[in-house]
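Presented below is the structure to which this report refers.
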Amino acid sequence: MKEVFLALVAGLLVGIIFKFLKLPIPAPPVLTGVIGIFGVYFGGIIADWIGKLIH
């Protein structure tokens, strides 16, 4: 849980800094970005699962 909180705080700080510097936010559009992140995460989980089945 600590990692989740720290990741949220870091993300908030980066967002605030980028807004104050008038830079574009370094993230993809909201919904597609979130779905892409889930895809990468679950793809890794599936790859681990397949690796365990093979061995």
Hits in region 1-27 - residues which are in a helix (DSSP H, G or I) and under 16 Å from I37 (Cα atoms): V4, A7, L8, G11
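Rundown of residues vs (1) surrounded by 10 or more Cβ atoms within 10 Å (Cβ to Cβ); (2) modelled with pLDDT under 90, yes/no style:
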position	(1), (2)
M1	no, yes
L12	yes, yes
P28	yes, yes
G39	yes, yes
G44	yes, no
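The values are calculated or read from the model by the stated rules, or taken from the named source; none is laboratory data. What you are looking at is a predicted structure, and each value in this text was computed from that prediction instead of being measured. Glycine also receives a Cβ, built like all others from the backbone with ideal geometry; neighbour counts cover every protein chain displayed.
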